[in-house]
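Mind looking over this structure? Questions follow.
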Amino acid sequence: MAVLVALGAFLMTLAGGWTAQRVTDRRHLVLGLAGGLMLGVVGLDLLPEALEAAGAEVFGVPAALLLFVAGFLLAHLMEHLLAGRTAAHGAGEHGHRAPEVGLTAAAAMVGHSAMDGVAIGAAFQVGGGMGTAVALAVVAHDFADGFNTYTITSLYGNARRKALTMLFADAVAPVVGAASTAFVTIPEQLLGGYLGLFGGALLYLAAAEILPEAHHAHPARSTLLCTVAGTAFIWLVVGLAS
């Protein structure tokens, strides 16, 4: 059952990526929506799950929050290091961003999608009701995952072929994650720590890169509405699954 549900996530991820590449003439709206989806995933889904799963505190601060901040700073540092290296080789003269940043971010999305599959498998081990609730949340927000994976990879100057490759990897990841639960059990605290770290990195990309890019050339009200709509969609998904 868990693998069958993960196949639904596979299809939804591909649908999200297909949508992202079909609306290139409205790029600012795509980026605005992607930023809102990422903000909603981080604030309304990843961070609450991380806080609940990680549990422990380090010097009075929840470990998940420390890793959340660490993920934000790590993404900031990685982008500047890679961008600096690209500029040193002359790419910066043409205004290009470091493609490695997009690929790294997309790889993190793939890792998160694999954890989604693990969550589906673990939930079905607990019971059918729990499995159904988690499956609803995962399948619905995997549309956003596919949308964001393609958008992030393309935004940093990667070729369409690489963006499609990362999209396919992101689609397959939940199936692999769900299948793995028959053999491996991930400790809850480790899973919570990972979600916190990934959430911080995802928030950095949304706040420092995608949303500024969306509003740079087209500071339109429609772009802002797309951002709000993306966040509201994730809120709806989380509410329906709770």
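Computed from the coordinates by the stated procedures, all read-outs in this text should not be read as laboratory data. The structure presented is a predicted model; accordingly, all values stated were derived computationally and were not measured. Backbone-built Cβ (ideal geometry, glycine too); neighbour counts: all protein chains shown.
Filter the chymotrypsin sites (Phe, Trp or Tyr not before Pro) in segment 165-242 to those in DSSP coil with at most 12 other Cβ atoms within 10 Å of their Cβ, and list the result.
Details: sites: Phe168, Phe183, Tyr194, Phe198, Tyr204, Phe233, Trp235; in loops: Phe183.
Listed in order of number, the matching sites are Phe183.
Here's another thing I want to ask about it. Rounded, prolate or oblate: which fits segment 159-212 when a ≥ b ≥ c are the square roots of the eigenvalues of the alpha-carbon gyration tensor, with rounded for a/c under 1.5 and prolate only if a/b beats b/c?
Judged from the Cα gyration tensor, segment 159-212 comes out oblate (a/c at least 1.5, b/c at or above a/b).
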